[in-house]
Amino acid sequence: MAGIESLINVSEFSKENIKSFLSISEQSELNKLFELAYKIKKKYVGTKVYLRGLIEFSNVCQKNCFYCGIRKDNKEIKRYTLPKDEIIKLGLWCYEQGYGSVILQSGERTSKDFVLFVEDIIKTLKRKTNDKLGITLCLGEQSFDTYKRWFEAGAHRYLLRIETSSPSLYKKLHPYNHSFENRIKCLEMIKKVGYQVGTGVLIGVPYQTIEDLVNDVLFFKKMDVDMIGMGPYIKHENTPLGKKFQETPELRKKRFLLGLKMIAVVRIFLKDVNIAATTALQTLDPTGREKGLLAGANVIMPIVTPQEYRENYFLYNGKPCINDATTKSLVSRIESIGETIGFYEWGDAPHFFKRKNKKG
Ligand code: SAH
Ligand code: SF4
């Protein structure tokens, strides 16, 4: 390849540049890629890590994504929804630990009862923390009214992964009644309502090519999003995709590395957005999240779902092993790579404020 040095001062990368970054396999070149991404991260968002306590409050889902362990047709898991007071208790625990914000995540549901249930949780958490706790939602495709309702209740960020920016790959990964176009429409609605917008993709999922990933990076840029949460695909046996494709240790290693390269490339290309070092990275490598931070990520999402429910929020193999035993151990892991935690801070992406200023 052309050599990373020659690209360091380039402000607009071409498709070919991105592709060559994603194709790097030599360790010395990889190190240079991560160093460049880290330099850009330092300049645009700093080296503070922001924490989002991840509350996976329900695994009930009305959808059937081919890769996901909590899809509706998986009859082998026990479905749960945490009681409202327990969700609130978890949110308050995060606040007391100084987490700054929480993510409320669950399977997708659109019933009126569900919408009101979530609205009440958001309002209560905001009230009990004097508006200080930041709330991110990751609750799938909803109507404009629902997005607006939850925003007005106090949530200010929304994560909705596009999963892949390729309509034809999307079709291969989802049943016929799951709509790529609607997912895009939802991202636009989320932005219109006023949320900080997050999206992301599955990395290394079957049928995906490097060109698809290059287009994903361009898609993030075109959609002008504020946050990126993406991670390697990990097989779950009891899913159509898991049954069809084997997963070898080599494949897992390759996907992990591709996950790190995607973080680096997105940091180099988008600069001032927030990028999460996701749980899937840590599932594939015990120090995956730290490696993600060193490759350009600046957000981590410690799972705070109670242990007894975790085994049922089993999106993919190996996930329930993840455990941030104490905030103290989390802090020392972060400090071991020379970074600090932004306690009590929301840690919003600078990109969001620039986007808003441009508009107004
Ligand atoms: N139901 C909501 C949020 C919960 S799922 C939604 O789909 O938006 C959160 C994320 O888990 C999904 O966006 C998907 O990218 C990820 N996920 C599901 N199955 C996975 C797998 N097998 N490997 C890696 N990530 C997976
Ligand atoms: Fe449901 Fe989300 Fe899993 Fe799809 S990825 S089956 S919407 S929880």
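Residues of the stretch 208-248 that are hydrophobic (A, V, I, L, M, F, W, C) and more than 14 Å from LEU187 (Cβ to Cβ): ILE210, LEU213, VAL214, VAL217, LEU218, MET230, ILE234, LEU241, PHE245. From the list THR129, THR110, the one residue that fits, being over 17 Å from the mean Cα position of the chain (by Cα), among the polar types (S, T, N, Q) and under 25 Å from LYS328 (Cβ atoms), is THR129.
Within the stretch 83-98, identify whether any single residue is in contact with a strand residue (DSSP E or B) (Cβ under 6 Å, 6 or more places away or on another chain), among the β-branched types (Val, Ile, Thr) and outside any strand (DSSP E or B), and answer yes or no. Yes, the stretch 83-98 contains a residue that is in contact with a strand residue (DSSP E or B) (Cβ under 6 Å, 6 or more places away or on another chain), among the β-branched types (Val, Ile, Thr) and outside any strand (DSSP E or B). When you scan the stretch 242-249, do you find a residue that is closer than 18 Å to THR199 by Cβ and more than 16 Å from ligand 2 (Cβ to nearest atom), even just one? Checking the stretch 242-249: not a single residue is closer than 18 Å to THR199 by Cβ and more than 16 Å from ligand 2 (Cβ to nearest atom). The residues of the stretch 27-64 that are open to solvent by less than 30 Å² (accessible area, probe 1.4 Å) and within 16 Å of ligand 1 (Cβ to nearest atom), listed by number, are ARG52, GLY53, LEU54, ILE55, GLU56, PHE57, SER58, ASN59, CYS61, LYS63, ASN64. Filter the stretch 68-101 down to the residues that are touching a residue at least 60 places away in the same chain (Cβ under 8 Å) and of a type in the set (A, V, I, L, M, F, W, C), then identify the one that is nearest to ligand 1 (Cβ to nearest atom). Result: CYS68. Within the stretch 106-124, count every residue that is open to solvent by 30 Å² or more (accessible area, probe 1.4 Å) and not in a helix (DSSP H, G or I). So the count comes out to 3. Only residues that are modelled with pLDDT of 65 or more and either within 16 Å of ligand 1 (Cβ to nearest atom) or open to solvent by less than 30 Å² (accessible area, probe 1.4 Å) (or both) were counted across the stretch 320-330, and they come to 2.
Quick one: in the stretch 253-270, of everything that is charged (D, E, K, R) and surrounded by 19 or more Cβ atoms within 10 Å (Cβ to Cβ), which residue is nearest to GLY204 (Cα to Cα)? Ranking the candidates gives ARG255 first. Scanning the stretch 65-105 for residues being touching an Asp or Glu at 6+ places or on another chain (Cβ under 6 Å) and either open to solvent by 20 Å² or more (accessible area, probe 1.4 Å) or among the aliphatic types (A, V, I, L, M) (or both) gives a total of 1. When TYR207, TYR195 are checked against the criterion of being away from ligand 2 (no atom under 15 Å from the Cβ), on the phi > 0 side of the Ramachandran plot and of a type outside the set (A, V, I, L, M), TYR207 stands alone in meeting it. Any residue in the stretch 26-51 that's closer than 17 Å to VAL273 by Cβ: show its pairings with residues that are open to solvent by 20 Å² or more (accessible area, probe 1.4 Å) and assigned to a helix (DSSP H, G or I) at Cβ separation under 7 Å, as long as the two are six or more apart or on different chains. Between residues of the stretch 26-51 that are closer than 17 Å to VAL273 by Cβ and residues that are open to solvent by 20 Å² or more (accessible area, probe 1.4 Å) and assigned to a helix (DSSP H, G or I), the close pairs are TYR38/LEU294; TYR44/PRO350; VAL45/PRO350.
Across the stretch 138-186, the qualifying residues are those that are assigned to a helix (DSSP H, G or I), touching a residue at least 24 places away in the same chain (Cβ under 8 Å) and open to solvent by 40 Å² or more (accessible area, probe 1.4 Å), and the one among them that is nearest to ligand 2 (Cβ to nearest atom) is ASN182. Restricting the stretch 280-302 to residues that are open to solvent by less than 20 Å² (accessible area, probe 1.4 Å) and out of contact with any Lys or Arg (no Cβ under 7 Å at 6 or more places or on another chain) leaves a set whose member that is modelled with the lowest pLDDT is ALA280.
Every listed requirement among (1) touching a Phe, Trp or Tyr at 6+ places or on another chain (Cβ under 8 Å); (2) within 9 Å of ligand 1 (Cβ to nearest atom); (3) within 16 Å of ASP216 (Cα to Cα) is met by LYS261 save one, (2).
The values are calculated or read from the model by the stated rules, or taken from the named source; none is laboratory data. Computed from a predicted model, the values in this text were never measured in an experiment. Cβ sites come from the backbone with ideal geometry, for glycine too, and all protein chains shown count toward neighbours. The protein model used for the area step is the full one, side chains on, heavy atoms only, and it has no ligands, DNA or RNA in it. Shrake-Rupley method; radii C 1.70, N 1.55, O 1.52, S 1.80 Å.
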